[in-house]
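Notes follow the structure.
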Amino acid sequence: MKKVLLQGKRVTLRTRAMEDMPVLYDLIYGCDQPEWKKYDAPYFPLDHRTYEQFLKQWGTDFSSDDLPDDLLIEVNGQIIGIVTYYWESKGTRWLEAGIVIYSPDYWSGGYGTDALSLWMGYLFEALNIGRVGITTWSGNPRMMRCAEKVGMQLEGRMRQCRYYEGVYYDSIRMGITREEWESNNKLSLTDSALI
């Protein structure tokens, strides 16, 4: 995949390499009840994968020039999470982004906001899209605050459609248009290092 390196104020986003895969695997599957999963769609179980299954699922063809659909989040050379995107509808250019910071030590410190801001700027620069969105749930207030900080607005709330540990939660859709991003964004890709 295309080599990408983005430098923010607190984090670096970069393309995965084969040597990163054991670290990423351990962050995701290293314990039975990971803390991060309590906030990242916990109503969907985390199905354990063997390392071989994980490699097959995540792909290990690092030689293509395709735009990567994920980048690692690093702080001082340590992998702490990942940013992703997927097409809700490629034909209509409807793209959704995602972010997971695995270690609670890096929650509520601005790392997610920095990473999401860099990622959205890169997606707007690299793809012909009019909007970047995220989908979360009302049980993850940090994700909603992070999205607000980078300029996203609440676009939809499906009430009480997520059931977790005996409680109903709302599904939340937030997004930002290209025009909003360009007029509100203070960190441009010219301030980032691109390889």
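The values are calculated or read from the model by the stated rules, or taken from the named source; none is laboratory data. For clarity, every value in this text was computed on a predicted model and none was experimentally measured. Cβ sites come from the backbone with ideal geometry, for glycine too, and all protein chains shown count toward neighbours. The protein model used for the area step is the full one, side chains on, heavy atoms only, and it has no ligands, DNA or RNA in it. Shrake-Rupley method; radii C 1.70, N 1.55, O 1.52, S 1.80 Å.
Being exposed (fewer than 11 other Cβ atoms within 10 Å of the Cβ) and small (Gly, Ala, Ser) is the filter; apply it to the range 157-187 and report the residue that is modelled with the lowest pLDDT. Among those residues, the one meeting the criterion is Ser183. Against the definition (modelled with pLDDT of 95 or more, open to solvent by 60 Å² or more (accessible area, probe 1.4 Å) and either assigned to a loop (DSSP other than H, G, I, E, B) or small (Gly, Ala, Ser) (or both)), how does Arg49 come out, yes or no? Here the answer is no, as Arg49 does not meet what is asked. Yes or no: the range 80-89 includes at least one residue that is within 19 Å of Glu148 (Cα to Cα), under 12 Å from the mean Cα position of the chain (by Cα) and of a type in the set (Phe, Trp, Tyr). So far as the range 80-89 goes, yes, one or more of its residues are within 19 Å of Glu148 (Cα to Cα), under 12 Å from the mean Cα position of the chain (by Cα) and of a type in the set (Phe, Trp, Tyr).
Determine whether Tyr39 is touching a helix residue (DSSP H, G or I) at 6+ places or on another chain (Cβ under 8 Å) and within 25 Å of Val4 (Cβ to Cβ). For Tyr39, the condition - touching a helix residue (DSSP H, G or I) at 6+ places or on another chain (Cβ under 8 Å) and within 25 Å of Val4 (Cβ to Cβ) - is not met. For the range 144-168, a tally of residues being under 21 Å from the mean Cα position of the chain (by Cα) and assigned to a strand (DSSP E or B) returns 6. The residue that is nearest to Ser108 (Cα to Cα), among those in the range 138-156 that are aliphatic (A, V, I, L, M) and open to solvent by less than 50 Å² (accessible area, probe 1.4 Å), is Met143. For the range 78-128, enumerate the residues that are in contact with a strand residue (DSSP E or B) (Cβ under 7 Å, 6 or more places away or on another chain), over 19 Å from Thr15 (Cβ atoms) and open to solvent by 20 Å² or more (accessible area, probe 1.4 Å). Matches in the range 78-128: Trp87, Glu88, Trp94, Ser103, Tyr106, Trp107. What are the residues in the range 72-121 that are among the hydroxyl-bearing types (Ser, Thr, Tyr) and more than 19 Å from Leu27 (Cβ to Cβ), if any? The answer is Tyr85, Tyr86, Ser89, Thr92, Thr113, Ser117.
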